[in-house]
Structure formats: structure tokens, C-alpha cells
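Here's the structure, in C-alpha cells; my notes come after.
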Amino acid sequence: MGGMKWKVVAVGLAVLLAALAGCGSSGNTSTSSSQSTGTSSNTEQTATESTSTAKEFEGVTLTLLMDNDSSRDGLTAVAKLIEEKTGIKTEIELRPGGSEGDNVVKTRLATGDMADLVWYNSGSLLQALNPEENFVDLSDQPFMANVADSFKSAVTVNGKVFGIPTGSATAGAWLYNKKVYEELGLSVPHTWEELMENCEKIKAAGIVPVIGSYQTDWTAQLLLLADFYNVLQEVPTFAEDFTANKAKFATTPAALRGFEKLAEVYERGFLNSDFLATDYDTALKMLVEGQGAHYPILTFALENIQAKYPDKINDIGLFGQPGDSADNHGLTLWMPGGIYLNKKTQHLDAALKWMEIYVSPEGINAYIAASTVMGPFAVQGIQLPDDIIPAVKDMVDYMNAGKTAPALEFLSPLKGPNLPQICVEVGSGMKTPLEGAEAYDRDVEKQAQQLALPGW
Amino acid sequence: MTKLTERHYTYWFLLPAGIIYFVFFLLPAFLSFFFSLTRWTLTDWEFIGLQNFITFFKEDSLRIGFRNTLIYAVTTSGLKVIIGLLLGNALCSNLKTRDYLRSVVFFPTLLSTIAVGVAFAKMMHPTRGIINQGLALLGIQGPDWLGNIKLALFSVALVDVWKGVGLATVIYIAGIMSIPLEYYEALQVDGGNNWHKFRYITLPLVRPAMHSVIILSFIGGLRSFDLIWAMTKGGPGFATDVIASIIYKQYQAGFYGLSTAGNVILFIAVALLGVPLYRFLTKREVEL
């Protein structure tokens, strides 16, 4: 009987321990998150103590919701500047990135529980947030005069402008390892044909020509999306026609070409053998270590490389996905995300002041001083420093030559949600390019109907 | 008619639980039937009849989704029924380390599904994962567990079985323990061996437990989502998509009405498969 009793006690203890372990872990996360906000408010407090004169917005705290993937160095520096000048404190709330983050943003908007300032994508994803209902129209604000028109068009809905740029623009491009290029005596390709020839030589040297990281499925889209500069050269009206249900990927040869390039890289055996199980972080490692020569990706990857492999960042160069003409080798640009102003904010004047400083030359310079420049800014009159990294220099060259075009998602509200998976299928031989394009057209049709767009 | 004095308690005691059940279960269930007929943005809705159901059935990956859901439910529930029975039987014998082994078998059930999924996804990496590196030591070239589209769903199913078989085993142990010892003693007197004990006493009399395991694991398999999402996100491509992950992706895309329609369809499918299965199984149970 005594033994029985002990057993009961032991089981009870085990249950208790498990319960405690559960509490402990959840308790930990909550303290760590409060710690991060704690430190930020600490620095803010010391900043206010150092100045004694009363400021216009003393005591106002604005909340800003952003994803946890983006670098916060620049933002924090500008927030500090804003506090020194106006007394407005900025409290950053973090959310996950990707579509999990979209859920958080949409749900918080729908329940009226949104932060004052919202850091979110521009282009097609913004359209899905119903900006006219949720955000303040900034069209008539004087500070918008500083913002470049190319960015404004990506945050304009029905003629109203809703956002200021979060930081610098990025590109969808091929990052390449310059050391591999040097060792094999290769030069930057200006046509798709030349690029494929380079890949053959790299493969013959026993190096992976193109790094595929389709485990992180959005990265599979780059070969298609970064080809859009070439699409626009052949069919300048593709974006409008696509939105109006007049042009399809499957029936527009220039657009279908992107799917074909995606398939060609796989068929010719240029990908790493485990490309379906390789993720984004591993791919970056392969690129900087020279196990792979090219990685088609969004250039915000440069920030991750800078953070993780700072001594290798100068080995990385960049070129746009080439088309068929060597004279017209351009780059597809991704506009920076926007910062939007919640219509339900309690501090409208303070928030407008906050935005004004954020896009002022003073604000941008504070941003540049605190972070590595990763691309051109969408604000007029900004001089980039001379010590920018080589890949960004390559990017600026395309800008100066006028050979850039925005990606499709900044010209059309349509972007089918299943594109990552469809690109994985085409990029791994499960579907032909034409089947993939047709599947994507159906996916877009579904989205257009859900958005209730005219003409679908 | 029963008098109040015979019932001991008044029906009012049911009210708190009833309200919670109504507000958090019945009400959302009925609302979802309604919203499945609308184009819904969470704040605004527009009635569009059966359009969502038509769109859902036109979904490209739907056929893969239904097929995968069935394969997954049958594989995981079948393996859990068989392995659970063998483990349960073994853990009811007079092994010295029986109690210790019982907790070992049950342990994976206590872990977070997402953590298990993320950990196994790393371990199943074709070149860098510990499983294939271990196989390489033995001179075996391991497969691409999650990258091979023919294998990926079964890899996930195996992890599901590893994680869920503990619960099945516990249900079996309870079932076996409830069989009166007299039956075994009678068989021993008649000269039966261990196999006879298992075949003629344990197996028929453990049926109620087995049916619970079948029903629970089959319905669990039909609705399965978290492990698949943590390990493959339905990929590569759509190769491991199940109905629940297709619905989730539609929800992520902001198609709330459409994903609600998908949930209604999943509910009906689970009911259509689950109820007849339950009827069939309960009919065959033997009274102890």
C-alpha cells in the first residue's frame, strides 16, 4: 500500500512538473518580449532627460507594428531623432513576417486594435488591406512632395496616396559570388544565353551554378518575378491588361518566358541536388562560401549576408535577370514597404509630424548613418555615401542608366496566393512551364473574384 | 415524470457549461455555415450564394488534397492501431522495466507538435540531417525524406505515428487491464500458451479500446494540419497538401468566405466518413 501511495505522489509530481515547465516556457517568452520593449523605453527615457525644454508633443507615445524580419537599425535611429526633436516616443510592436504576419495585420485592422503606425508592404499586398477604410489619406500632406513618384504609385489606391517609404528600394536579381567568377575567368552575362553558358562552365568546374532554396518556397518565385523587366520591354501594357483580365501568363509568350527560365535551370541540372530541402539561410551560406555561384533572390538578402558574414559582403555582386538583348539588360525593382497611418489613431497630429521627419533629408540621413545602405531611397535629393557595398553599387548603376522597372506586384493588385507552390512545381519538373502558367492564371482568377474586381 | 427530489440537482446547474458551449462552439459553427455563403472581409460581407463552394471544388490542388487526406488518415490510424496494440500488449506483461517503458512510449505525446515537426524536418534533411548521416555511416544512401514528392507524405505520417502512438498504447493498456484475469486462468487450465491468450482472449475483448483508437486516430488524421504545416507547408509544390492546409492557405490569402466554405466541406466529409465507421465498429463489439 505504501508503494501505491508513493506512485500516486510521483505521478502527481510529474504532472506538476510538466505544468510548471509549460508555464516556465510561456513565462520566458513574455519576459523576453517585455525586456526588448523595456530596453527601448530605457534609451528613450535617457534621451528625454538630457533635454529640458518643453517640446511640442511631449508625453505622446506612438505605437508602430512591423515584421520581425526587417532590420530595425535605421528605424530606431530615426525614432530617436524624432524624440529629440518633438518628444514623441515610438514603441515598436513586432509581428511575424510572410503570410502569418498578414493574418495579424488583417485581424488587428478588422477588430479595431491596430497600432498608430503600420509598417507593411506596398503594392498588391497593400490593396488587400482596404486602405481607403483603414488608413489616413496623405495625398495633401506637404511632406509627400519629397517622396519619389515611383514609390507613390505603389501606395496609391483610387488616386489617394497612403504611405511613406520605410527605407531603401530592393531588387529581384541574381546575386553572384565574384570570387567564383574571377577564378573561372567569367564575365557578367547580359543575355540569358550568356548566363546559361556561364552556368555550364561553373557546373564543369564542380560548383553549383544556381542555388535553389525551394524549401523556403517564396524564393522559387524569383526567376519568374525578376524577369518582369524583360516582360515590360516586349509588352509595355502587360500590367494593365493583366489586371483587366485581357492578358494571361499562359498566352503571353514574354510572360511565359519566366516560367520557361525557371524550368530550364532545373532541366539543365544547374541546381544543387537538395534544392527542395534547402532553405533560405543555407542558400546564403552556400553563396558566400562559394559552394554555389548564383542565387536569384530579393536583395534584402544582402542585409542578412552583411549581418551574418560581414567579411564576405564584398565578394557578392549583382546583375538583373537578363533577357534576349544584350543592349537592354535591366533590373526589376521592388519598392520599399510603406508606413501607413491608422485612421483610428488618437494622435493624428503627432503621427503626421512623425512621418514628416521620417521622410525629411535629416531623417533619411539619420537612417543612413545607422544602417548599411542596401539600395536607393525613394526620397528625392538623397545622396548615397561613397562606401556602399559592391552589390548595391551594381544596383545603382542600373538606376543611373534608367534600366529599371517595378515588379508586377507594384503595378497590379493581382498576385495569386499559390504562386510560390506553383513555381516549386515548375522549378522541379512536376509541371511544364505552360501547365504552371495556366495553373497560375486560374489562381489569379480566383483572387480577382474574391477581390470582386471589375471584368472577372 | 421524475420528481425534483429524485434528481438531486436542478437543471440550472447545466447553464454555465451550456452558455460556454453555445457561445464558443454552437454559435461559431452556425455562423460559419452562413459566412460560407458570402464574400467576407471580416468587417464586411456580401451574399454570393454557393459561389464559394463552386470555387473551392474548382481548386487545382483539391484532388491531391482529398487523396492525401485519405492516405494520411488511413496510414497513420492503421499504424497506430497495430503498433499501439503490440506495444500495449507488451507493456501489460511482467517486464521488469514496464513502468519505465510505459512512460517512454507516452512521452512524445506530451511534446508540442510544432516543435516535433521543426525538429524532424531538420533531422530529415537529405544531406545535413542526422537520419541520413546515420544511414551513411552504415553505408546506406538515405532518401530525400521531405523533398521526394512520392515519399514526403509518408515521412510526415511516420512522425505523426511516432508522436501519437503513445496515446493509442495507453488506451490499449486500459482496455487490456479491464479484462478479468479469470479468463486467462481458465485458458491456462486448458493448456493454452501465450499466443492463444493473445489470439482468443485479449484480441476479441480489447475491441472496444481498439475501436476508440481507430475512431480517434482516423478523425484526427482527417483533420491533421499542424504537423504537416510545420514540416512541409504542404510542399514541395502541393505534394503534401491536405484539405486543412488548403483551407489555411486560403485563409492566409484573405479569402475568408472561401476558406469558411472549405471548413464546412471538411466538416461534412469528416461526418460522412466518421459516422458510418463508428456505427460499423460499435455493432461488432463483444460484451465482456
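Since every read-out is calculated from the coordinates, none of them should be taken as a lab result. All figures in this text were calculated on a predicted structure; none of them were measured in a lab. Note that we place each Cβ from the backbone using ideal geometry, even for glycine, and neighbour counts take in every protein chain shown.
Here are a few things to note about the model shown:
- With Cα atoms defining each centre, the range B:101-137 and the range A:182-208 are spaced 39 Å apart in the structure.
- Above-threshold pairs, the threshold being 18 Å between Cα atoms, out of A:K285/A:K312; A:K261/A:K446; B:K163/B:K283: A:K261/A:K446; B:K163/B:K283
- Average other protein chain Cβ within 10 Å of Cβ, residues A:273-280: 6
- Partners of B:K96 within straight-line reach, counting lysines whose Cα lies under 23 Å from its Cα and excluding those fewer than 8 residues away in the same chain: A:K5, A:K7, B:K197.
- What the Cα convex hull of the range A:155-303 gives, in volume per residue, is 137 Å³.
- Label-point gap, in nm, between B:A119 and A:D137 - each point 7 angstrom along Cα→Cβ: 5.6 nm
- Among the DSSP helices (H) of chain B, those spanning at least 30 angstrom by Cα along their long axis with an average Kyte-Doolittle hydropathy of 0.0 or more are B:62-90, B:152-177, B:256-283; this is a geometric and hydropathy rule only.
- Here the protein assembly as shown has an Rg and Dmax of 30.1, 100 Å, counting Cα atoms alone.
- For the range B:186-288, the orientation-averaged shadow of the C-alpha convex hull comes to 9.4 nm² (one quarter of the hull surface).
- Burial ranking of peptide ranges B:64-74, A:395-405, B:92-102 (average Cβ count within 10 Å, highest at the top): B:64-74, A:395-405, B:92-102
- Shielding by partners, peptide B:52-62 (average Cβ within 10 angstrom, other chains): 3
- Report note on the peptides A:427-440, B:157-170, B:111-124: ranked by the mean count of other C-beta atoms within 10 Å, highest first, their order is B:157-170, A:427-440, B:111-124.
- Rough spin-label spacing in nm, given labels placed 7 Å along Cα→Cβ, for B:Y9 and A:D279: 4.8 nm
- Segments A:119-132, B:37-50, A:322-335 sorted - mean Cβ within 10 Å per residue, highest first: A:119-132, A:322-335, B:37-50
- Applying Stokes-Einstein at 4 °C and 1.567 mPa s to the Kirkwood radius of the range A:268-394, computed over alpha-carbon pairs, gives a translational diffusion coefficient of 73 µm² s⁻¹.
- Alpha-carbon Debye profile of the range A:205-278, log10 I(q)/I(0) at 0.18, 0.20, 0.21, 0.22 Å⁻¹: -0.76, -0.86, -0.90, -0.95
- Translational diffusion of the range B:138-180, estimated by Stokes-Einstein from the Kirkwood radius over alpha carbon pairs at 25 °C in a medium of 0.890 mPa s, is 191 µm² per second.
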